[in-house]
Each structure stands twice: as structure tokens, then as C-alpha cells.
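A quick write-up on the structure given underneath.
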Amino acid sequence: MQNINYLLFILLFYKHTLNAQTVEPSKGIDKNKFQIELESIYSIDKKENNGLSKSISTPNFLFRYGFLKNIELQIAIPIIKEKYYEENELVYATHKFDDTQLGFSVNLWNQKKWLPEAAFMTRIYLHYLSNLNFNYVGQTFSLNLSNTLTKKLNLNYNIGYAFEKNTQLSSFIITNLTYKLFLKGLIFLEFSGNNTKTHNFLQNITTGLSYNIEESLTLDFSIAKGLNHSLFYTGARATWIINTK
């Protein structure tokens, strides 16, 4: 049971920190725009008790819709395949739809000199039950900020809390620095950290690149490593924007 509880903490941590480019935008998509994100992530997490967790998403779906001028609606449907080992023995395995995420983002203000552009985002997490019902299991609140430093350099950062129904409130911070290499491509460097009262401040560093194949289609690739814990993951994401009007 202790192993299963620890694994549930890992899964919660993944929901909020393990994405190919995890920082959330400081501005929602335009009204009547529909954005589809398909993301796959492979991660390996080694534990002090000789445990090993391997996880792959196959893939995660995130849908964004510009409902009003300053309001974006969101729905995420993660699909995961995960195995947990101890002493090379399989302890736990799953391949399923993970918690469905429903939420929205509200634009607060635009950048004014050094005052960053800002948006407030929240998502609730619903766990699918076998009787075709959903159970509320948690919620995320995030203040998403960004500063345009130069024509090529941007600083993006999120500060927020993740509430899980059966665990304590967890705070997180994500900072992301992007540099535009050429017209259609940029590179990024990202730091993410997650903290609870019962665990250390877990820190990751991520780097990657983003390439615009065309105006409505973008590909992201990333690789990450835990700074104070034994974690490695790599991911890829495709983003497609559709004008519905």
C-alpha cells in the first residue's frame, strides 16, 4: 500500500510538471480559434528504495477554444501507460485514460513596460469510474506571466497550486526562457519545481526546440533531467490551430 500511495504522488507530480514544454501561455488563444495539442512523453524515475517508474503517454490530448475575446476553454484527456518496479520486479502496471481535466483561462492584462502580461488559469481533475460517472479529485490554480525582453527573447513563468482531494496542497513554479533562432524556430530552457509539506522541493531542468512547419502547425521537442532527484524524460508535441469562423 505504501508503494501505491507513493506512486499516486508521482502521478500527481507528473500532471503538473512533466510536459514537453510545461509553461502555460500568459494569453489565451483568439476568439473562435480551436487549438489541438497532441503530446507524447517518456519518463524514467529512479527511487531511493531501488524502485523504478517508467511512464509513456500515448498521447495526451489538450483542446483549447477561444470562447470569448479574453476567455479560453480547455479540456485535456491524458492516456498513460506506466510500470513501477522494485528490485527488477514489477509491482504496478496501468494503461488507461488518466484524470480528465476541464478548465479555462482568463486574460488579465497586457504587458506594460516591465509589468508582465498575465492570465489566470484553473483546471479541475475528474477521475473516470467504471459506472460511467466521474469523481472530482483535484484542481489547479495558476497565474501565468510573460515578459517580452527583446524581439527574440521571451521570459515566461507560472506560479500556482495543485490541490489533490486525498493529499495536501502542492505549490509549483515554472520558468521558461525562449530565444528565436530564425523565422520559424526557437529554442527554450525551462526550470520547474514542485513542493509539498511531506516532500522536498523537486526540481527539473528542461531544454528543447520548437519549429513552425506552417502558420497553423508547430512541433516541439524536449529533454529533461531532475536536478535533485533521479528523473529523466523526453517528449514531443504537435500543435494545430483551426479557425472556426
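Checking every one of the GluC sites (Glu not before Pro) in region 140-245 against DSSP loop status and a limit of 11 other Cβ atoms within 10 Å picks out E215. Ordering 144-155, 23-34 by mean Cβ neighbour count within 10 Å, with the highest value first, yields 23-34, 144-155. Region 124-138 and region 54-77 have Cα centres spaced 17 Å apart.
What size of dipole, in debye to the nearest 20, comes out for region 117-214 about its Cα centre when the only charges are +1 on Lys and Arg C-beta atoms and -1 on Asp and Glu C-beta atoms?
Working: 7 positive and 4 negative charges, 28 e Å.
Value, rounded to 20: 140 debye.
Over all other residues within a Cβ to Cβ distance under 9 Å of Y211, the charged ones net out to 0, with Lys and Arg as +1 and Asp and Glu as -1.
No value in this document is a laboratory result; all are computed from the given coordinates. Because the structure is a prediction, the values reported are computed rather than measured. All Cβ positions, glycine included, derive from the backbone under ideal geometry; neighbour counts span all protein chains shown.
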